[in-house]
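Notes follow the structure.
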Amino acid sequence: MLDPDAIRTANQTHAEPHRRDLEALAEQLHRRGIDVDSILERLQTFDVAVPSWALGTGGTRFGRFPIGGEPRDVYEKMDDIAVIQRLTQTTPRVSLHIPWDEPDDPKALKAHAAELGLGFDAVNSNTFQDQAEQHHSYKFGSFCHTDAAVRDQAVAHNLHVIEVGRTLGSESITIWLADGSSYPGQMHLRRSFERTLACLERVYAVLPEGWRLFTEHKPYEPAFYATVVQDWGSSLLLAQALGERAACLVDLGHHLPNTNIELVVARLISAGKLGGFHFNDAKYGDDDLTAGSIRPFQLFLVMNELVDAARELGPAFAPAYMIDQSHNLKDPIEALLMTVDNLQRAYAKALLVDRDALDHYQERNDVVMAEQTLRAAYETDVRSLVAALRERQGGALDPTAAFRASGYRQQTARTRNRAGYVPPQSL
Ligand code: RM4
Ligand code: MN
Ligand code: MN
């Protein structure tokens, strides 16, 4: 566990400069007719789930470079997520990957999580790899496979994942399918999609009461010629065919270069089918980098669509916010702390957009003033606002500084007895 004094001590160190920054920001926002407290109140409603698979060091197909003190099992992953929650007060739920992080005893894991103040978000199935005790191979697909026995096995796996999720208290399942082909002619393009839908229908038919099913698209990798659920259009067709409790999940890294992701988000909102997000960032492909690290303006524009939709649709508009990242270089805890901070900053900036002014300029086709209205929000330095929210809730003014000063990683490097690089304790 994180030393409880660590946050308090670190906050004392940062208190004075923080107070001054916040005061200056409040004064500036006041001049713009914005009340800091009402923004803080709305910002507080934003939280995001941490993926169980993001706590260990990731790798590429060329190698993996572990860090010292990595979690050894799903219980230790929970402990690390609890540290992130303590520091940020914004990550109360975990999204579990099965079988990667399948608990031997889901009830015991649920109890462990509850002790740490954590709950569970969407469970994720995996039919993109073969498992040791499995009868049939997914080499040529799972839900799209030509052989009914393979499809049955993949459906059964998803039903099992739902069962585990039910015990844990999850209320949704995310299905990402690697299914596709790498060569022209390999797969019948229409029939493979129809078979996939038929399998999804079988899973959808047994969704527990109150559950939702998310379909996640991705253009390529591992399939390099044709992926079955390759874009938001295919994902939408599936979600619409399945029914009301199915919706689309947008992973920010799952788009071809130059795709206007905020436009995809807007379309899915209009269709009533935006189910949720996998937040991350990317430069080239599905890079799984820290959200907001490469294209912070794009992240802001996505958040802008969400805040705008929330204004019109009210509490009924509640997409599931989740992170999906892989940490090859950074300490995973530090990367996730940065991610949460970047997400909150982008959301806070979206809350600052003067929507009446934007509507007005859009109606008048005043291109320059409409753009400037967005930029005025985007260019506001909201770091002290996000820090203030964290502090109010008992979190850290500067999560990375508090985490480093706590010595948590040095401690886990000893107790978990795992060799590898350990980041320095100081900044
Ligand atoms: C996929 C996709 C899924 C994630 C796996 C690990 O590219 O993003 O959401 O569960 O990777
Ligand atoms: Mn994803
Ligand atoms: Mn991905």
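The values are calculated or read from the model by the stated rules, or taken from the named source; none is laboratory data. On a predicted model such as this, the values are computed, not experimentally measured, just so you know. Note that each Cβ is placed from the backbone with ideal geometry, even for glycine, and that neighbours are counted across all protein chains shown. These accessible areas exclude ligands, DNA and RNA; they are computed on the full protein's heavy atoms, side chains included. Shrake-Rupley method; radii C 1.70, N 1.55, O 1.52, S 1.80 Å.
Checking the condition closer than 30 Å to A246 by Cβ, outside any loop (DSSP other than H, G, I, E, B) and touching a residue at least 60 places away in the same chain (Cβ under 8 Å), which residue from L313, L374, L336, L389 passes? Write out each step before concluding.
Details: L313 fails: touching a residue at least 60 places away in the same chain (Cβ under 8 Å); L374 fails: closer than 30 Å to A246 by Cβ; L389 fails: closer than 30 Å to A246 by Cβ.
None of the others qualify; the one that does is L336.
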**Prompt:** Listed residues G272, G276, G253, G285; which is more than 17 Å from N304 (Cβ to Cβ) and not in a loop (DSSP other than H, G, I, E, B)?
**Reply:** G276
**Message:** Out of A282, A316, I need the residue that is among the aliphatic types (A, V, I, L, M) and surrounded by fewer than 18 Cβ atoms within 10 Å (Cβ to Cβ). Which one?
**Reply:** A316
**Request:** Using the structure shown, decide if T400 is under 24 Å from V422 (Cβ atoms), at pLDDT 95 or above and of a type in the set (V, I, T).
**Result:** yes
**Request:** From T146, T174, T196, T167, grab the single residue that is outside any helix (DSSP H, G or I) and out of contact with any strand residue (DSSP E or B) (no Cβ under 8 Å at 6 or more places or on another chain).
**Result:** T146
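Conditions tested, residue by residue: (1) of a type in the set (K, R); (2) away from ligand 2 (no atom under 16 Å from the Cβ); (3) modelled with pLDDT of 95 or more; (4) open to solvent by 20 Å² or more (accessible area, probe 1.4 Å).
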| site | (1), (2), (3), (4) |
| --- | --- |
| L268 | no, no, yes, no |
| G276 | no, no, yes, no |
| P296 | no, yes, yes, yes |
| A309 | no, yes, yes, no |
| N342 | no, yes, yes, yes |
| Y347 | no, yes, yes, yes |
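If you check D147, D179, D152, D104, which single one turns out to be of a type in the set (D, E, K, R) and either within 16 Å of ligand 2 (Cβ to nearest atom) or buried (at least 18 other Cβ atoms within 10 Å of the Cβ) (or both)?
Criteria check complete, one pass: D179.
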**Asked** If you go through region 256-264 one residue at a time, do you hit one that is in contact with an Asp or Glu (Cβ under 8 Å, 6 or more places away or on another chain), open to solvent by less than 20 Å² (accessible area, probe 1.4 Å) and at pLDDT 95 or above?
**Response** no
**Item:** Within region 377-411, tally of residues that are of a type in the set (A, V, I, L, M, F, W, C) and open to solvent by 30 Å² or more (accessible area, probe 1.4 Å)
**Value:** 1
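Matching residues to (1) at positive phi; (2) open to solvent by 20 Å² or more (accessible area, probe 1.4 Å); (3) within 16 Å of ligand 3 (Cβ to nearest atom); (4) of a type in the set (D, E, K, R):
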| site | (1), (2), (3), (4) |
| --- | --- |
| E133 | no, yes, no, yes |
| S137 | no, yes, no, no |
| H157 | no, yes, no, no |
| H160 | no, yes, no, no |
| E171 | no, yes, no, yes |
| I175 | no, no, yes, no |
**Request:** Count, please, the residues in region 242-253 that happen to be open to solvent by 10 Å² or more (accessible area, probe 1.4 Å) and within 15 Å of ligand 3 (Cβ to nearest atom).
**Result:** 1
**Request:** For region 316-326, state whether one or more residues are within 27 Å of L40 (Cβ to Cβ), part of a loop (DSSP other than H, G, I, E, B), hydrophobic (A, V, I, L, M, F, W, C) and out of contact with any Ser or Thr (no Cβ under 6 Å at 6 or more places or on another chain).
**Result:** yes
**Test: residue in region 234-241 that is farther than 21 Å from T339 by Cβ, hydroxyl-bearing (S, T, Y) and touching a strand residue (DSSP E or B) at 6+ places or on another chain (Cβ under 8 Å)** = yes
**Asked** How about region 340-371: which of its residues are of a type in the set (V, I, T) and part of a helix (DSSP H, G or I)?
**Response** V340, V367, V368
**Residue list for region 212-231, restricted to those being outside any loop (DSSP other than H, G, I, E, B) and either away from ligand 1 (no atom under 16 Å from the Cβ) or out of contact with any Ser or Thr (no Cβ under 9 Å at 6 or more places or on another chain) (or both)** = A226
